[in-house]
Amino acid sequence: RSLVQDTLSDADGEEALTYVILVVVVIIAPIIIILVRKGTLIVQLYSNKLTENLLELRREKKHSDHLLYQMLPKEIAKQLRSNKTVPAESFECATVYFSDIVDFEELCSSVSPMQIVSLLNAQYKLFDSRLEKYDVYKVETIGDAYMVVSGLPSRNGNRHAVEIACLALDLRHAVQSIPVPSKPGVSLQIRAGINTGPVVAGIVGTKMPRYCLFGDTVNTASRMESTGDAMRIQISMTTQMALVQAGGFILEFRGNTTVKGKGEMPTYWLEGRDGLILEEMNQIDFDPQDATTVKPSFMTMVERNDEKR
């Protein structure tokens, strides 16, 4: 009896303990479930927020990449991001284009600075929108000067002169849509120059790095622009030889031009493309990959010249 009584007492104690544990579990379980649900919700919210931040980061990175690639060539920008040193590179042959606004100093004195900024902004936006059609790279703009090059940083064989020539004709036509603020009914006029030759290109600076070109080819291209005439494209002999070899361009020998630091140099006018006179050429969208866009016969060109005479 004593043993049975002890066993029953132990069983009653264990039963009471089991009831206590069960009550505690029943009370704590909902709390644990609520806490787990809240914790899961917090994790989900954090995960969603993290995903949104990641997407925003990707958008900002894409935007910053776009801005960076506007300032530097894509290949060069990627090297700089990888903390790699970008050495200067020599290019055997490239074609450089310069243009500026005719009588820009006089224009600045006759209109307000805000109008000048608006004018340059309109010009550069228009010019920049045309660059995508050609295999060229915009180097920089300084004041009213606009500088473009083809043949670097990605080499394109012997097509650099054709790309720049087509671009120059396109820009000359496009600029006629920009009115001069101080002269109603008068369109903006530019002066352009092109030269072909060897060029050295490299990154200059650390705070605001720029991809700059160096060499006599760049200086000569600038001289071609500065010694040119309004709404005309003056080219050097090296560019003329490249365009003659490519074919499909109207070139006119200007004569020997006095170039600072060079003396007398034979220069040429780039008049048009594919045998078209200027009025007809302005109605055509240029495609540098297609050198057969509307080619009138040589006799047609002669007959037009006779009619003009």
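At 1.4 Å probe size, with no ligands or nucleic acids counted, give the accessible surface of residue 6 in Å², nearest ten.
80 Å²
Leaving out ligands and nucleic acids, and using a 1.4 Å probe, what accessible area per residue does the chain come to in Å²? Before the final figure, lay out each step's value.
Working: 18650 Å² over 309 residues.
Here the residues of the chain average 60 Å² of exposed surface.
Running a GNM on the chain with Cα contacts under 10 Å, which residue among 165, 246, 94 ends up with the highest mean-square fluctuation?
Greatest mean-square fluctuation among the candidates belongs to 246.
Within the stretch 31-136, how many Lys pairs sit with Cα atoms under 20 Å apart, leaving out pairs fewer than 8 places apart on the same chain?
Lysine pairs meeting both conditions in the stretch 31-136 amount to 11.
Would you calculate a helix-derived [θ] at 222 nm for the chain, using -39,500 (n - 2.57) for each DSSP H run of n ≥ 4 and dividing by the full residue count, to the nearest 500? Show your work: numbers first, answer last.
Values: 9 runs with 155 residues, N = 309.
So the calculated ellipticity at 222 nm is -17000 deg cm²/dmol.
Keeping the other protein chains in place, figure out the carbon and sulfur percent of the accessible area of the chain, with a 1.4 Å probe. Intermediate values should be presented prior to the final figure.
Working: 10930 of 18650 Å².
On the chain, the fraction of accessible area on carbon and sulfur atoms equals 59 percent.
Using a Gaussian network model on the chain with a 10 Å cutoff between Cα atoms, which of 51, 220, 239 fluctuates the most?
Between 51, 220, 239, it is 51 that shows the largest mean-square fluctuation.
Just round it to a whole percent: the fraction of Cα-Cα distances in the stretch 50-111 exceeding 16 Å.
Working: 1327 of 1891 pairs.
When every Cα pair of the stretch 50-111 is considered, 70 percent fall beyond 16 Å.
Take the alpha-carbon positions of the stretch 84-141, form their convex hull, and give its projected area averaged over all directions (one quarter of the hull surface) in nm². Each step should come with its number before you reach the end.
Details: hull surface 26.2 nm².
Taking the Cα atoms of the stretch 84-141, their convex hull projects to 6.5 nm² on average.
Per-residue counts of other Cβ atoms within 10 Å, averaged by peptide: what ranking do you get for 183-189, 213-219, 39-45, highest first?
Details: 183-189: 12.4, 213-219: 17.9, 39-45: 10.0.
With the highest mean Cβ count within 10 Å placed first, the list reads 213-219, 183-189, 39-45.
Bin width 10 Å, alpha-carbon pairs only: give the P(r) of the stretch 1-103 as whole percents, running from 0 to the bin holding the largest distance.
Bin by bin from 0 Å, the calculated values are 10, 15, 14, 12, 10, 9, 8, 7, 6, 4, 2, 1, 0.
Rounded to the nearest 0.05, what FRET efficiency is calculated for residue 262 and residue 64 with R0 set to 35 Å and r the Cβ-Cβ distance?
Working: r = 42 Å, r/R0 = 1.21.
Here the calculated transfer efficiency is 0.25.
From the gyration tensor of the Cα coordinates in the stretch 166-223, what semi-axes in whole Å does the equivalent ellipsoid have, largest first, with each one equal to sqrt(5λ)? Please report the intermediate quantities before stating the final value.
Numbers: eigenvalues 192, 56, 19 Å².
Each semi-axis is the square root of five times an eigenvalue, giving 31, 17, 10 Å.
If you filter the stretch 48-150 for GluC sites (Glu not before Pro), then keep DSSP loop positions with at most 16 other Cβ within 10 Å, what is left?
On the way: sites: 52, 56, 60, 75, 89, 92, 105, 106, 132, 140; in loops: 132.
Counting only loop positions with at most 16 other Cβ atoms within 10 Å, the GluC sites (Glu not before Pro) in the stretch 48-150 are 132.
Calculate the tail of P(r) for the stretch 26-179: the fraction of all Cα-Cα distances greater than 26 Å, expressed in %.
Working: 6205 of 11781 pairs.
Considering the stretch 26-179, 53 percent of its Cα-Cα pairs are separated by more than 26 Å.
Over all Cα pairs of the chain, how is the pair count split among 10 Å bins, expressed in % and running from 0 up to the last occupied bin?
That works out to 5, 20, 24, 17, 8, 5, 4, 4, 4, 4, 3, 2, 1, 0, 0, in percent per bin.
How are the alpha carbon pair distances in the stretch 190-241 distributed across 5 Å bins from zero to the largest one, expressed in percent?
Using 5 Å bins, I get a P(r) of 5, 21, 21, 19, 14, 11, 6, 2, 0 for the stretch 190-241.
Take residue 138 and residue 1, extend 7 Å from each Cα along the Cα→Cβ direction, and tell me the distance between the two endpoints in nm.
With each label point 7 Å from Cα toward Cβ, the separation is 11.0 nm.
Mind ordering 96-102, 29-35 by average Cβ neighbours within 10 Å, highest first?
Details: 96-102: 24.0, 29-35: 9.9.
Sorting 96-102, 29-35 by mean packing, highest first, produces 96-102, 29-35.
The values are calculated or read from the model by the stated rules, or taken from the named source; none is laboratory data. Predicted model only: the values in this text are computed from it and were never measured. Cβ: placed from backbone, ideal geometry, glycine included. Neighbour counts: every protein chain shown. For accessibility, only protein heavy atoms count, side chains too; no ligands or nucleic acids. Shrake-Rupley method; radii C 1.70, N 1.55, O 1.52, S 1.80 Å.
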